[in-house]
Each structure stands twice: as structure tokens, then as C-alpha cells.
Amino acid sequence: MKTNPEKIFLTKLFGNKRLHTLHFNKTGTMYFHIKVFDGTVQAIHNSYSLDTRNWLDNPKHTKPYQSQHILKAGEEKIIKYEIGKVHEQHDKVFVINHHLFKSASFSIREITD
């Protein structure tokens, strides 16, 4: 488990960084601890789409699966994602600023223990 995760800042509309992307090089179950300091963020797990050649598809699962989570300032949560692979492209997790006119800050780290 990594300690002291980096604090990430997301800007408001027309800013330089409205989203943060987590890239993967393996598949399987992964757990993340996310903590929001300011604003509201949305964590979204997406799969690669052969139609659009981008990460826009919802992951395919046979059981109920929550691919999106919204967290507000002061909240923290452990999120479980099943990272897959479509056409040699690993899934991605995007953390976006949920508000257009307010900045947001958060930390996220993978739990490996």
C-alpha cells in the first residue's frame, strides 16, 4: 500500500485539467481509496469501444456492477473495480470534476494489501 498519496487538483470549466485518468497494464480486481478535499468528483470506470475507438463503453458484467461513484468534499470511499481488456486495450478509470464552475481536489491510491 502506498502512503501519502498525491493531492490532485481539477479545474473548473475551461481549465487545464478537468479530469484525471488512471491507466492499467493488467486486468483483475483492483481497490482504490479516494478522498475528496474540495468540490465534488465523479469516478467512472470505462471500457474501450471498438465503434468509437475511445474509452466510452460501460464495462460488461453478468452481475450488478457500479461503474460510477460521486463523492463530495469531506467524503472518502474504497472503490472496487474489475479491470478488463477489450481488443488489447485495458479499461481506464476517469476521475472528473463534477461541477462546471468550482474547482475540486482529491487523492486516490491503489490498495494492494
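What the table below lists for this structure:
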read-out	value
Selection from region 80-89 of residues that are in contact with a strand residue (DSSP E or B) (Cβ under 7 Å, 6 or more places away or on another chain) and more than 8 Å from TYR48 (Cβ to Cβ)	LYS80, TYR81, GLU82, ILE83, GLY84
Qualifying residue in region 99-109 (condition: modelled with pLDDT under 95, in a strand (DSSP E or B) and polar (S, T, N, Q))	no
Matching residues, region 40-60, being outside any strand (DSSP E or B) and either out of contact with any Asp or Glu (no Cβ under 7 Å at 6 or more places or on another chain) or exposed (fewer than 10 other Cβ atoms within 10 Å of the Cβ) (or both)	LEU50, ASP51, THR52, ARG53, ASN58, LYS60
Lone unmet requirement of (1) surrounded by 15 or more Cβ atoms within 10 Å (Cβ to Cβ); (2) under 11 Å from the mean Cα position of the chain (by Cα); (3) under 14 Å from GLU110 (Cα atoms); (4) not aromatic (Phe, Trp, Tyr) for THR21	(1)
Criterion (open to solvent by 100 Å² or more (accessible area, probe 1.4 Å), modelled with pLDDT of 90 or more and part of a strand (DSSP E or B)) met by exactly one of PHE37, PHE9	PHE9
Residues of region 77-106 that turn out to be of a type in the set (S, T, N, Q) and open to solvent by 10 Å² or more (accessible area, probe 1.4 Å), as a count	2
The one condition in (1) within 11 Å of the chain's Cα centre (by Cα); (2) without any contact (Cβ under 8 Å) to a residue 40 or more places away in the chain that ARG109 fails to fulfil	(2)
Of all residues in region 93-102 being more than 16 Å from GLU6 (Cβ to Cβ) and in contact (Cβ under 8 Å) with a residue 60 or more places away in the chain, the one that is farthest from the chain's Cα centre (by Cα)	PHE101
Unmet criterion (only one of (1) surrounded by fewer than 16 Cβ atoms within 10 Å (Cβ to Cβ); (2) without any contact (Cβ under 8 Å) to a residue 40 or more places away in the chain) for LEU71	(1)
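The values are calculated or read from the model by the stated rules, or taken from the named source; none is laboratory data. Since the model is a prediction, treat every value here as computed from it, not as a measurement. When we count neighbours, we look across all protein chains shown, and the Cβ atoms used for this are built from the backbone with ideal geometry, even at glycine. Ligands, DNA and RNA are excluded from the accessible area calculation, which covers all protein heavy atoms including side chains. Shrake-Rupley method; radii C 1.70, N 1.55, O 1.52, S 1.80 Å.
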